Amino acid sequence: MIAKRIIPCLDVKNNQVVKGTNFVGLRELGDPIEMAKGYSEQGADEIVFLDISATNEARQTITEMVKKCAVNIHVPFTVGGGVRTIDDVTRLLQAGADKVGMNSAAVVNPDLIKQSSERFGNQCIVVAIDAKKFEDGWHVMTHGGSKDTGIDAIKWAKQAETFGAGEILLTSVDADGVKTGFDLPLTQAVVDAVRIPVIASGGVGHPDHFAEVFKKTDVSAGLAASIFHENTYTVNEVKEVCKREGVFIRET
Amino acid sequence: MIAIVDYGMGNVLSVRHAFEKLGHEVSLTDDINQLKEASHIVLPGVGSFKAAMEEIESRGLKNDLIALAKTKPFLGICLGMQLLFTASEEVEQTAGLNLIPGVVRKIKTDYLLPHIGWNQLTISHEHHAFRYLDQAFVYFVHTYQADTDAKYVVAEAEYGEPITAMVRRNNIFGIQFHPEKSADVGANILKTFLEEVST
């Protein structure tokens, strides 16, 4: 059977891993390759890099980082952030990324999902969805979770699959940063709506939260950032808790 | 020197680095003279079977690869493993290199496809060199798999049906998953392949 995946996420700016994506009071945490190496040695099943630099010049730095990562990191890795065109997708895959994540650009132009998956296969196209709960259901949010598009997140997940997404990276805007666990109803609703793997994100404050999302939903993977970066818990500790709780994970 | 066949199908940087890390000189080439000089041939690949065979044929490499596989250690990885077989049913029936009898067809399962993620190997009893990998986890990304005679199957993984994970016929090896993305286990598999064919 396929093991449930534990994925650390690194926000990268100016070739440094930084804390937080809100652009306010960013703190530099370290070199992205060194940190990713450390996580893969701890048993991370995959690594996600999110490029949060704002300019095109800075994007070139990310391409260089991806090239280094491809030869130094021996687990799969995804690169997202600022992916707007098929050229961005091509550049990152050619540099050695295993998968490319797209978010706002895919909402504005779903054809980007179609073109990318037709050219490179759907296994390497990850559509990231930031969702927030409203009275009439979950809405797709853009601009770092601040702008309401009014689009139904569950319907959008289905459409993204139809356009050729190979995986959904689902972040709960409500749970993000709160550290009380993943948004279980949202996660299960999206898992039920699609036939592609879903990665749950947002809300992790404790290793138990991973075990909980795997036991209470059919999600394929869980992603977290701060609990790993702040050395609160290692990937290994998260895996030990999951294993104890009977979750099928990769043992290293 | 290990030669990785460069035929424009997928990124090979990490495969190259995986062998370099084991202390081998690696060349990435589609030049037949270089391939003939190499100690080992590695055929990587990501994408569609038909497109891959077209690339191989347009570079005039098909007959040379078949001839090389008869004289040197030859390793197909991912799509490169599927190309070792007689034919594939992906999109339309397409002939492969026919180095191992068998047909590549869609995985029959109730689980999600593609088969993506870390799955556990079961090693066949006849293949002692790889026995230490029994129950090890490796990283898969594929939708099609090879149906072949059990005598060629070195390892399987379970995904609603048995998935052919590794094959061997004499000096010809195939690995369906990605050793270069399978952490230390993947590096050990490549090492075992190199040791097996050097004896």
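Values quoted throughout were computed directly from the atomic coordinates according to the rules given, and no laboratory measurement underlies them. If you're wondering where the values come from, they're calculated on a predicted model, not measured in any experiment. Ideal geometry is used to build each Cβ from the backbone, glycine not excepted, and the neighbour counts take in all protein chains shown.
Data overview
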| quantity | calculated |
| --- | --- |
| A:Asp148 paired with B:Val91, simple spin-label distance in nm, labels 7 Å along Cα-to-beta-carbon | 4.6 nm |
| Debye, to nearest 20: dipole size of the protein assembly as shown, +1 on Lys, Arg Cβ, -1 on Asp, Glu Cβ | 260 debye |
| Tally of Lys pairs whose C-alpha atoms are under 14 Å apart, taken over chain B, 8 or more apart or cross-chain | 7 |
| Positive-pole candidate from B:Trp118, B:Val138, B:Phe173, dipole of region B:114-175, charges at beta carbon | B:Phe173 |
| Size of electric dipole in chain A: Cβ of Lys, Arg +1 and of Asp, Glu -1, about Cα centre, debye, nearest 20 | 260 debye |
| Net charge of Cβ neighbours under 13 Å - reference B:Ala87; Lys, Arg +1; Asp, Glu -1 | -2 |
| Gain on full stretching of the segment that runs from A:Glu135 to A:Lys68 - 0.36 nm per residue minus C-alpha separation | 19.6 nm |
| For region A:176-240 and region B:1-33, distance of Cα centres in Å | 37 Å |
| Eligible lysines near A:Lys114 by straight Cα distance, threshold 20 Å, same-chain separation 8 or greater | A:Lys99, A:Lys155, A:Lys158 |
| Positive-end residue of A:Gln42, A:Cys124, A:Val241, charge dipole of chain A with Cβ unit charges | A:Cys124 |
| Cβ-derived FRET efficiency at R0 56 Å, A:Ala193 paired with B:Ile32, nearest 0.05 | 0.65 |
| Model label zone, B:Lys108; criterion: amide N under 18 Å from point 7 Å along Cα-to-beta-carbon; scope region B:151-173 | B:157-165 |
| Check: region B:2-198 dipole with +1 on Lys, Arg Cβ and -1 on Asp, Glu Cβ, in debye | 220 debye |
| Segment A:Glu57-A:Glu118, extension gain: residue separation times 0.36 nm, minus the distance between their alpha carbons | 19.1 nm |
| For region B:9-14, Karplus couplings with θ = phi - 60° (6.51, -1.76, 1.60), whole Hz, Gly/Pro x | 10, x, 7, 10, 3, 6 |
| For the protein assembly as shown, average projected area of the Cα convex hull in nm² | 20.3 nm² |
| Positive minus negative residues near A:Thr234 (Lys, Arg vs Asp, Glu; Cβ under 13 Å) | -3 |
